[in-house]
Amino acid sequence: MAGDFKDNPDLHRFELSVGGEIVFATYRRSGDVVLITHVEAPAALRGSGAASQLMQNIVRSEEHTSELQS
């Protein structure tokens, strides 16, 4: 599944846009820790694997950020 992934820091959430719909995960940061507090997918994306793809993108993004800071 392809989609456009981004961190939306103004809303404190990661977003994945798929077919005009957005699945998102809200978060809080504390130092090097990112705490996901809520994940939501619109009805059209439920069961499609979009939330799983979002979480995989979050992990990759945070791993990349961690490597850059090392």
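The values are calculated or read from the model by the stated rules, or taken from the named source; none is laboratory data. Since this is a predicted model, take the numbers as computed values, not measurements. FYI the Cβ positions are ideal-geometry reconstructions off the backbone, even for glycines, and counts take in every protein chain you see. Surface accessibility is based on the protein's heavy atoms, side chains included, excluding ligands, DNA and RNA. Shrake-Rupley method; radii C 1.70, N 1.55, O 1.52, S 1.80 Å.
Of all residues assigned to region 37-48, at least one qualifies as being out of contact with any helix residue (DSSP H, G or I) (no Cβ under 6 Å at 6 or more places or on another chain), in contact (Cβ under 8 Å) with a residue 24 or more places away in the chain and assigned to a helix (DSSP H, G or I). Taking region 38-70 as the range and being aliphatic (A, V, I, L, M), more than 18 Å from residue 19 (Cα to Cα) and open to solvent by less than 50 Å² (accessible area, probe 1.4 Å) as the test, only 58 passes.
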